[in-house]
Structures are given as C-alpha cells and as structure tokens.
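See below for the structure under consideration.
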C-alpha cells in the first residue's frame with residue numbers, strides 16, 4: 001500500500017493546513033478522509049481546518065468525520081465572509097447527526113485567525129492544501145500583525161509555509177474557467193489576489209486533472225460513504241479534491257504521478273478566467289498527469305476503502 005511505502009522514508013509527519021468549501025460536493029469529504037487516514041499512519045499532522053463556505057451544519061458535520069478516527073480535537077475555523085450562508089448541503093445534516101461533542105459554528109474562530117495562530121506556533125514549515133474557495137487564503141495573506149505574531153500575513157506565510165496546493169482553475173487551455181475561481185465575485189477577486197501576491201510556490205490541480213478519475217461511493221466505510229450516498233454519488237465521483245489531498249500526503253509531484261508546468265498564473269477578477277505564462281523559473285505550477293487514469297483511481301480507492309479501525 002502507498003501509505004506503507006511512504007512511511008519507510010518519512011522521518012516525521014508533514015504539517016498540513018486544510019481548506020475546504022464543504023458544502024456542494026462529497027469529494028471534499030473524501031479528501032479529508034485521506035488526510036485523516038494519513039495522520040493515523042503518522043504521515044501528516046493536520047494543524048487546522050478552515051471551512052470557506054459556511055452553512056448551518058458546517059462545523060459539526062466536519063468534526064464528526066474527524067471524530068470517527070479519534071481526531072475530533074483538530075481545530076476548525078470558519079470564513080464568515082464567505083458566500084452560501086444559510087444553504088443546506090446535501091450531506092451536512094446527515095453527518096452532523098453523528099457529532100457527539102455539541103460543537104456549533106458559533107464555537108469556531110475566524111479561519112484566518114486560526115491559521116495565523118497555528119502557523120506562528122510552528123517550528124517547521126507546513127503545507128497549505130486548499131480544495132475550496134480561495135477567500136481564506138486571501139484573508140490570511142491580507143491579515144495584519146496581531147497578538148500571535150508581529151508578522152503580516154504575507155510575511156508569516158513566507159516564513160512558515162513551504163508551498164500551497166490549490167484545487168482550482170483549468171489549465172489545459174488558455175482562458176480556462178473553473179468553479180472555485182469563478183463562482184461569486186468574492187472568489188474571483190480572491191483567486192486573482194492569491195496569484196498576484198502569494199509569497200511561496202503555488203501548485204494548481206486543475207479541473208482537467210480530476211474530472212475523469214471516478215473514485216469512492218456509498219460502500220466507502222464510515223461517514224465518507226454516507227456523504228457519497230447523500231450526494232447521490234453512490235457509484236463514485238470525480239476526484240479533484242482527493243487527488244489534491246493525496247499529492248499533499250505524498251509530498252512529491254513526480255512520485256504522485258504528475259509533471260509540473262512552471263510559470264506565472266493569473267486570474268481575471270471580473271470573469272474568473274485563468275491564464276498561465278510558462279517560465280521555468282516561475283513560482284507557480286500546474287499539474288499534468290503522467291500516468292493512466294487507473295493509477296490514480298486505484299491509489300485513491302485503496303485508501304478510501306480502508307476499514308476505519310486501520
């Protein structure tokens with residue numbers, strides 16, 4: 001199994017910050033499932049989770065998924081400026097019914113403040129993985145010095161983060177357009193800001209990478225399978241977010257089955273369309289698959305279908 005192979009060469013867990021929109025698609029749950037299982041195997045340590053699209057059952061439903069692995073104490077923050085407030089996700093209420101802690105959204109801090117505190121406390125560099133809307137990343141970068149750090153957001157990220165992996169954009173053609181970057185004005189502006197101001201390497205997993213990799217389903221153990229069923233994706237779902245999560249866990253693009261096209265990314269704040277200027281010395285990169293689709297499907301399903309007790 002991949003996790004066993006990674007453990008042989010992993011001296012200590014990779015610190016991970018996980019951002020998710022957690023509302024419209026069950027692949028967010030699958031991505032979290034992969035990260036939680038990786039933490040149980042000692043490969044990563046999830047320092048904070050930021051939900052960047054807030055609805056009634058956001059925090060309790062996410063904590064319930066963590067708690068089934070004995071990881072219910074992972075800190076959760078919310079982006080209260082995010083869109084889609086009040087909407088009811090297809091799986092959130094179902095998953096929230098399994099939350100035994102009584103956690104509510106009101107108990108959670110602002111996500112960018114949670115990130116700031118957790119980053120400031122680190123003694124090593126972390127990876128930020130974001131598979132949702134980019135507003136959290138913009139708020140973090142724009143944050144001023146505070147009582148946890150005298151560094152600005154950009155300075156703090158530069159000092160404490162090795163790279164940011166983002167599920168967003170469409171990079172297989174000029175002027176590509178993808179939901180995370182184009183839905184709602186706030187997200188278009190945030191994606192544009194992220195590309196213009198991020199002080200560390202940005203790696204994009206685009207729409208084109210995951211759309212044909214169908215993984216998961218209702219038979220996945222635990223609450224992840226229930227999320228697939230509630231989402232009417234009992235036979236699986238495209239694997240955008242799980243592929244990004246597995247890249248973060250693997251820690252190496254080539255080993256994860258990708259080549260990197262380096263350069264400079266930009267997003268139009270008005271339309272959300274993205275463009276890319278190739279440059280070998282560029283700090284941005286988008287992923288291109290180097291393996292057949294079955295390679296990624298087998299790796300993801302092997303992890304998703306692990307019994308909870310493992």
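Here are some notes:
- Hits in region 195-240 - residues which are assigned to a helix (DSSP H, G or I), within 24 Å of residue 136 (Cβ to Cβ) and in contact with a strand residue (DSSP E or B) (Cβ under 7 Å, 6 or more places away or on another chain): 195, 209, 210, 240
- Scanning region 298-310 for residues that are farther than 15 Å from residue 219 by Cβ and either buried (at least 16 other Cβ atoms within 10 Å of the Cβ) or at pLDDT 95 or above (or both) gives 298, 299.
- Extreme residue, farthest from residue 36 (Cα to Cα), among residues of region 117-135 that are under 17 Å from the mean Cα position of the chain (by Cα) and in a helix (DSSP H, G or I): 135
- Only one of 192, 196 that is modelled with pLDDT of 95 or more, loosely packed, with under 15 Cβ neighbours inside 10 Å and under 14 Å from residue 266 (Cβ atoms): 196
- Residue in region 17-24 that is out of contact with any helix residue (DSSP H, G or I) (no Cβ under 6 Å at 6 or more places or on another chain), surrounded by fewer than 24 Cβ atoms within 10 Å (Cβ to Cβ) and either within 20 Å of residue 216 (Cβ to Cβ) or modelled with pLDDT of 95 or more (or both) present: yes
- Just one of the listed residues (113, 93) is within 23 Å of residue 59 (Cα to Cα), part of a helix (DSSP H, G or I), at pLDDT below 95 and out of contact with any helix residue (DSSP H, G or I) (no Cβ under 6 Å at 6 or more places or on another chain), and it is 93.
- All positions within region 232-263 that are out of contact with any helix residue (DSSP H, G or I) (no Cβ under 8 Å at 6 or more places or on another chain) and touching a residue at least 60 places away in the same chain (Cβ under 8 Å): 232, 233, 247, 261
- Pair list, Cβ under 7 Å, 6 or more apart: region 55-67 residue outside any helix (DSSP H, G or I), other residue at pLDDT 95 or above: 57/96
- Of all residues in region 266-283, exactly one satisfies the criterion of being in contact (Cβ under 8 Å) with a residue 60 or more places away in the chain and loosely packed, with under 12 Cβ neighbours inside 10 Å, namely 270.
- Hey, residue 140 over 25 Å from residue 206 (Cα atoms) and modelled with pLDDT of 95 or more or not: no
- Candidate set: region 143-185, residues that are surrounded by fewer than 20 Cβ atoms within 10 Å (Cβ to Cβ) and in contact with a helix residue (DSSP H, G or I) (Cβ under 6 Å, 6 or more places away or on another chain); chosen: the one farthest from residue 283 (Cα to Cα): 148
- Checking 243, 167 one by one, the residue that is within 19 Å of the chain's Cα centre (by Cα) and within 15 Å of residue 304 (Cα to Cα) is 243 and no other.
- The set of residues from region 29-54 being farther than 12 Å from residue 18 by Cβ, touching a helix residue (DSSP H, G or I) at 6+ places or on another chain (Cβ under 7 Å), surrounded by fewer than 24 Cβ atoms within 10 Å (Cβ to Cβ) and touching a residue at least 60 places away in the same chain (Cβ under 8 Å) comprises 37, 43.
- You will find that of 71, 6, 36, 43, the residue that is within 14 Å of the chain's Cα centre (by Cα) and either modelled with pLDDT of 95 or more or closer than 22 Å to residue 301 by Cβ (or both) is 36 and no other.
- Hey, residue 286 crowded, with 16+ Cβ neighbours inside 10 Å, more than 30 Å from residue 92 (Cβ to Cβ) and more than 20 Å from the chain's Cα centre (by Cα) or not: no
- Considering (1) under 18 Å from residue 80 (Cα atoms); (2) touching a residue at least 12 places away in the same chain (Cβ under 8 Å); (3) assigned to a loop (DSSP other than H, G, I, E, B), the lone condition that residue 146 does not fulfil carries the number (1).
- Odd one out for residue 61 among (1) in contact with a strand residue (DSSP E or B) (Cβ under 7 Å, 6 or more places away or on another chain); (2) buried (at least 21 other Cβ atoms within 10 Å of the Cβ): (1)
The values are calculated or read from the model by the stated rules, or taken from the named source; none is laboratory data. Note that the structure is predicted; figures quoted are calculated from it, not measured. As a convention, Cβ positions derive from the backbone with ideal geometry for all residues, glycine included, and neighbour counts pool all protein chains shown.
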